[in-house]
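Take a look at the structure set out below.
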Amino acid sequence: MAKTPLQFQHNGRDVAIFVDGGTNLLVALRELIGDMTPKFGCGQGGCGTCSVLIDGELHLSCLTLAETVAGRTVETLDGIKDGPNLHPLQRAFADNFAAQCGYCTPGMLIAAKALLDRNPQPSRAEVVEAISGNICRCTGYEPIINAVLAAASGGRARA
Amino acid sequence: MPVTVKTFTSTNEAAAALSSDRSARYLGGGTLVMRALNEGDISISTVIRASDQAMTRIVTSGARIVLGAGVTFARILAERDLAFLHAPARSIGGPAVRNMGTVGGNLFAPVPYGDFTVAMLALDAVVSVQGGLGGREIGIEEFLQSRDRQTGVLVLAISFAKPGSADAFRYRKIARIKPKGGAVITLAAHLPVNGSRIVGARVALGSMAPTPIRARAAERALEGRPLDTSTINAAAAAAVEGTSPGDNALASAWYRREIVGVHLRRLLSGQE
Ligand SMILES: Cc1cc2nc3c(=O)[nH]c(=O)nc-3n(C[C@H](O)[C@H](O)[C@H](O)COP(=O)(O)OP(=O)(O)OC[C@H]3O[C@@H](n4cnc5c(N)ncnc54)[C@H](O)[C@@H]3O)c2cc1C
Ligand code: FES
Ligand code: FES
């Protein structure tokens, strides 16, 4: 079957690939572009570890038909760091022991970034809500919530 | 197996393509279609999309509200004029699912999903569909009753009269896992009042049958009466009548039958 050409912006860079019909964005990112930061967990929308930002909005790449991102921007964990420097969220996750096996971490960071981009000083309840589509099987949610609150602007998060 | 993706700028062409191919599926937000493809569902060999702007329009200016089938729950949450629909929209999935899932897709979502549709049913919504031969409007109840036969039609929009007062529309989703669990049951009620009496009561239930259904016996108990304790008790006692819930991992059919009246009483009496 013929492949379809697809162009979009991936972490600030233009990419052009060919996809099979029905390919999801997660497969396109990992297998065709080589960005391994979005993880495959369930392929059903249930775990959130494949989360990416599409035009700045949080989406599940495993449930996104790759062709639908034509001409749009896709941001993954690989794109959130500032050159060699860690993003404040990445630093806060390290400082607050918010990762153990790390499997959920890319999705958690992307979901947290989607929140902080929109609301730099979220309440605890807003952080809980923002990561409610992401499952962590090891660290547990408390250190993750604390890390997001710590990273929120100047660490002055509301209670 | 790869599928063929067909994108149309016109809804007419998308509808024609959808109605002429039994293995074609329309792609709304994709939260259910892509899951099926990821799981290797071989009944889908064509995916149809429509990029027509009409699919994503929201009209709130008149007495009737129109939501394009492609409107996402996140869009509804961003509309101040749709504040009465924020509770149903917010009750669906996590933030990513709300950014992707659409009101059109929700009409087809199997139990335990279809939470937004329960709200639409309580608001007596009308579904605008486009088939191979033209467009028509169907009452949402009739649409849901014949849902299995609607697979070849394209839903364009859903519309309904704006509730007269903020208190007239009520919604509640009962879930064990918060903030994101699937529904044990979902309830919505529209109770317009004339003087002190309810006129045109609508009560809709999710996860109490294979599709969202009206609780007609409860509606009869409310109709023409003031919303006082005895009316609420009568409606709560009648809530289970005509339901046929199933067992799933979230709750048993028995449990659903036991609690539906309890939650309808709480919804009607405004208890948390
Ligand atoms: C993790 C997760 C959590 C979820 N939680 C909830 C929840 O709490 N409550 C809930 O109600 N749902 C939930 N859902 C289910 C789903 O996201 C929603 O029901 C959503 O509204 C489906 O819309 P969609 O546009 O993504 O559908 P799609 O997957 O695009 O489509 C679903 C079905 O509808 C058909 N369809 C879609 N649009 C049209 C149209 N315009 N015309 C004709 N046919 C159409 C498709 O062909 C397909 O058969 C959840 C899903 C996931 C993955
Ligand atoms: S892999 Fe996408 S949500 Fe689990
Ligand atoms: S750190 Fe292992 S899944 Fe979250």
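A few remarks follow.
- When the residues of the stretch A:126-144 are filtered to those that are more than 7 Å from chain B (Cβ to nearest Cβ), aliphatic (A, V, I, L, M) and within 16 Å of ligand 2 (Cβ to nearest atom), the one that is surrounded by the fewest Cβ atoms within 10 Å (Cβ to Cβ) is A:ILE135.
- Test: residue in the stretch A:78-89 that is free of Cβ contacts under 8 Å to residues at least 40 places away in the same chain, of a type in the set (Val, Ile, Thr), away from ligand 2 (no atom under 15 Å from the Cβ) and over 21 Å from B:GLY101 (Cβ atoms): yes
- Some residue of the stretch B:33-53 being in contact with a Cys (Cβ under 8 Å, 6 or more places away or on another chain) and crowded, with 22+ Cβ neighbours inside 10 Å: yes
Condition check ((1) surrounded by 21 or more Cβ atoms within 10 Å (Cβ to Cβ); (2) within 14 Å of ligand 2 (Cβ to nearest atom); (3) within 14 Å of another protein chain (Cβ to nearest Cβ); (4) in contact (Cβ under 8 Å) with a residue 12 or more places away in the chain) across all residues:
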{"position": "A:THR37", "(1), (2), (3), (4)": "no, yes, no, yes"}
{"position": "A:GLY46", "(1), (2), (3), (4)": "no, yes, yes, yes"}
{"position": "A:SER51", "(1), (2), (3), (4)": "yes, yes, yes, yes"}
{"position": "A:GLU57", "(1), (2), (3), (4)": "no, no, yes, yes"}
{"position": "A:LEU60", "(1), (2), (3), (4)": "yes, yes, yes, yes"}
{"position": "A:LEU65", "(1), (2), (3), (4)": "yes, yes, yes, yes"}
{"position": "A:VAL74", "(1), (2), (3), (4)": "yes, no, yes, yes"}
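- 3 or more residues within 11 Å of ligand 1 (Cβ to nearest atom) and modelled with pLDDT of 95 or more: qualifying strands (runs of 3 or more DSSP E) within the stretch B:6-123: B:24-26, B:46-50
- Top-ranked residue in the stretch A:104-125 [being surrounded by fewer than 18 Cβ atoms within 10 Å (Cβ to Cβ) and either in a loop (DSSP other than H, G, I, E, B) or of a type in the set (A, V, I, L, M) (or both); ranked as farthest from ligand 2 (Cβ to nearest atom)]: A:GLN121
- Conditions (1) surrounded by 24 or more Cβ atoms within 10 Å (Cβ to Cβ); (2) closer than 25 Å to B:LEU267 by Cβ; (3) more than 13 Å from the chain's Cα centre (by Cα); number of the one not met by B:ASN106: (3)
- Residue that is more than 14 Å from every other protein chain (Cβ to nearest Cβ), surrounded by fewer than 22 Cβ atoms within 10 Å (Cβ to Cβ) and more than 19 Å from the chain's Cα centre (by Cα), where the choices are B:ALA236, B:ALA168: B:ALA236
- Test: residue in the stretch B:184-207 that is in a loop (DSSP other than H, G, I, E, B), within 14 Å of ligand 1 (Cβ to nearest atom) and either touching a residue at least 60 places away in the same chain (Cβ under 8 Å) or within 14 Å of the chain's Cα centre (by Cα) (or both): yes
- All positions within the stretch B:41-65 that are within 14 Å of chain A (Cβ to nearest Cβ) and either under 23 Å from the mean Cα position of the chain (by Cα) or touching a residue at least 24 places away in the same chain (Cβ under 8 Å) (or both): B:ILE42, B:ILE44, B:SER45, B:THR46, B:VAL47, B:ILE48, B:ARG49, B:ALA50, B:SER51, B:MET55, B:THR56
- A residue that is away from chain A (no Cβ under 12 Å) and in contact with an Asp or Glu (Cβ under 8 Å, 6 or more places away or on another chain) occurs nowhere in the stretch B:92-104.
The values are calculated or read from the model by the stated rules, or taken from the named source; none is laboratory data. On a predicted model such as this, the values are computed, not experimentally measured, just so you know. When we count neighbours, we look across all protein chains shown, and the Cβ atoms used for this are built from the backbone with ideal geometry, even at glycine.
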